[in-house]
Amino acid sequence: MALQDLGAEVRRLRESTDPASIGLPPGRRRARGVRREELAELAGVSADYVRRLEQGRRHPSAAVVNAIARALRVGPGEYERLCALAGYAAADGRVPREAGAAALRLLERFPDTPVFLTDAAWNVVAVNGAWMTLGAGSSNQRARDWNVAWRTFSNAHREISREDEHAAAFRVTLAARLHGTVLRYPADEQLAELVDELRTTSRSFDTLWRAPKTVAAYDNRAVFRHPDVGDIALDGTVLDVPGDRLQAVVLTAAPGSVDAGRLGEVVRASTGPAIIRVGQPGPG
């Protein structure tokens, strides 16, 4: 099944690539995308090899995977997926943890909306001022406390609560995304250490890890206990930030609700910085 998935992904990438974008003449083409013969020549393999690969009948070497990725000029996420399907670590093999200028500007664009950035291992790398007003980071005394999965499965979020249904769905999402991250970054030692500790200390996580579920989208609700205005119920949405391979968690309140009023009150009273970089080195 893995080879069939890899072959299907290679074919999808080949057929969805604009020939002109990789330096090939557009010409008159009966089918969309790049021809097998063209990909073979650019990658330094035979057309028959590409055909067998797409049929799930060949297991390419890491060098061939890299050659195909370079030939089609795929993005970082697609390259990592190709490597994972072939059973190899990506070239760097480690979870990207740096937030670029564009990602940080995303936090600035939502001054009234709590937003935070995490890497693919759920380490928070930066938060905006609106998020800090909720007080959710006040108890984060150690680097580990800034890992969302660790705090959730160790029940360390004393200032955040969820109804049982939302709590279960959130845990499924965390475990599923972490499982995909390990597949993409098998050489990341800090990530492996995080997963090992979670499996050792949390029966819930270990159960989800043994049988990961597919999560198409994330939509969850949490209640933040604020010392001044009381409970604030917010809906969370995860947005991918492809350029930096990060994810942004955006928290919103229902328009016109009591929660929206309370959130607006605490945000307006804030005098802190617009952006705070967390800066921890990794999961641990």
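The values are calculated or read from the model by the stated rules, or taken from the named source; none is laboratory data. The structure presented is a predicted model; accordingly, all values stated were derived computationally and were not measured. All Cβ positions, glycine included, derive from the backbone under ideal geometry; neighbour counts span all protein chains shown.
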Any idea which residue in segment 226-275 is surrounded by the fewest Cβ atoms within 10 Å (Cβ to Cβ), counting only those that are in a strand (DSSP E or B) and small (Gly, Ala, Ser)?
GLY230
Complete set of residues in segment 195-205 that are free of Cβ contacts under 8 Å to residues at least 12 places away in the same chain and surrounded by fewer than 15 Cβ atoms within 10 Å (Cβ to Cβ):
ASP196, THR200, ARG203
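Being of a type in the set (A, V, I, L, M, F, W, C) and more than 19 Å from the chain's Cα centre (by Cα) is the filter here, so list the residues in segment 226-250 that pass it. So that I can check it myself, show each step before the final result.
Here is the first cut: in segment 226-250, the residues of a type in the set (A, V, I, L, M, F, W, C) are 229, 232-234, 238-239, 241, 246, 248-250.
VAL229, ILE232, ALA233, LEU234, listed by residue number.
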So ASP112 passes all but one of these: (1) within 30 Å of SER61 (Cβ to Cβ); (2) surrounded by fewer than 17 Cβ atoms within 10 Å (Cβ to Cβ). Which condition number does it fail?
(1)
Among the residues of segment 1-27, write down those that are of a type in the set (A, V, I, L, M), assigned to a helix (DSSP H, G or I) and surrounded by 12 or more Cβ atoms within 10 Å (Cβ to Cβ).
ALA2, LEU3, LEU6, ALA8, VAL10, LEU13, ILE22
Name the pairs: first residue in segment 53-64 and closer than 15 Å to ALA40 by Cα and touching a residue at least 24 places away in the same chain (Cβ under 8 Å), second residue among the hydrophobic types (A, V, I, L, M, F, W, C) and surrounded by fewer than 16 Cβ atoms within 10 Å (Cβ to Cβ), Cβ to Cβ under 8 Å, at least 6 apart or on different chains?
GLU54/ALA8
Given the criteria surrounded by 13 or more Cβ atoms within 10 Å (Cβ to Cβ), basic (Lys, Arg) and not assigned by TED's automatic domain parsing to the domain that holds VAL267, does ARG30 qualify?
no
Unmet criterion (only one of (1) without any contact (Cβ under 8 Å) to a residue 40 or more places away in the chain; (2) of a type in the set (D, E, K, R); (3) more than 25 Å from ALA274 (Cβ to Cβ)) for ARG94:
(1)
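Residues in segment 210-222: is at least one in a helix (DSSP H, G or I), out of contact with any Leu (no Cβ under 6 Å at 6 or more places or on another chain) and buried (at least 16 other Cβ atoms within 10 Å of the Cβ)?
To start, the set of residues in segment 210-222 that are in a helix (DSSP H, G or I) comprises 210.
Among the residues that remain, those that are also out of contact with any Leu (no Cβ under 6 Å at 6 or more places or on another chain) are: 210.
Narrowing the set further to residues that are buried (at least 16 other Cβ atoms within 10 Å of the Cβ) leaves none.
No, segment 210-222 contains no residue that is in a helix (DSSP H, G or I), out of contact with any Leu (no Cβ under 6 Å at 6 or more places or on another chain) and buried (at least 16 other Cβ atoms within 10 Å of the Cβ).
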Options ALA175, ALA187, ALA192: the member that is part of a helix (DSSP H, G or I), surrounded by fewer than 17 Cβ atoms within 10 Å (Cβ to Cβ) and in the same structural domain as ARG245 (by TED's automatic domain parsing):
ALA192
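Would you confirm whether or not segment 90-98 contains a residue that is aliphatic (A, V, I, L, M), surrounded by fewer than 18 Cβ atoms within 10 Å (Cβ to Cβ) and closer than 30 Å to VAL127 by Cα? Outline the logic, then answer.
Just the residues of segment 90-98 that are aliphatic (A, V, I, L, M), to begin with: 90-91, 95.
Still in the list and also surrounded by fewer than 18 Cβ atoms within 10 Å (Cβ to Cβ): 91.
Checking the rest, the ones that are also closer than 30 Å to VAL127 by Cα come to 91.
Checked against the condition, which is being aliphatic (A, V, I, L, M), surrounded by fewer than 18 Cβ atoms within 10 Å (Cβ to Cβ) and closer than 30 Å to VAL127 by Cα, segment 90-98 yields at least one hit.
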Only one of (1) under 29 Å from ARG262 (Cα atoms); (2) touching a residue at least 60 places away in the same chain (Cβ under 8 Å) fails for ALA168. Which number is that?
(2)
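Given the options LEU106, LEU85, name the one that is modelled with pLDDT under 90 and either of a type in the set (Phe, Trp, Tyr) or under 20 Å from ALA253 (Cβ atoms) (or both).
Details: LEU85 fails: either of a type in the set (Phe, Trp, Tyr) or under 20 Å from ALA253 (Cβ atoms) (or both).
After ruling out the rest, the residue left standing is LEU106.
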Unmet requirement for TYR88, which otherwise passes all of (1) within 22 Å of THR181 (Cα to Cα); (2) assigned to a helix (DSSP H, G or I); (3) in contact with a helix residue (DSSP H, G or I) (Cβ under 7 Å, 6 or more places away or on another chain):
(2)
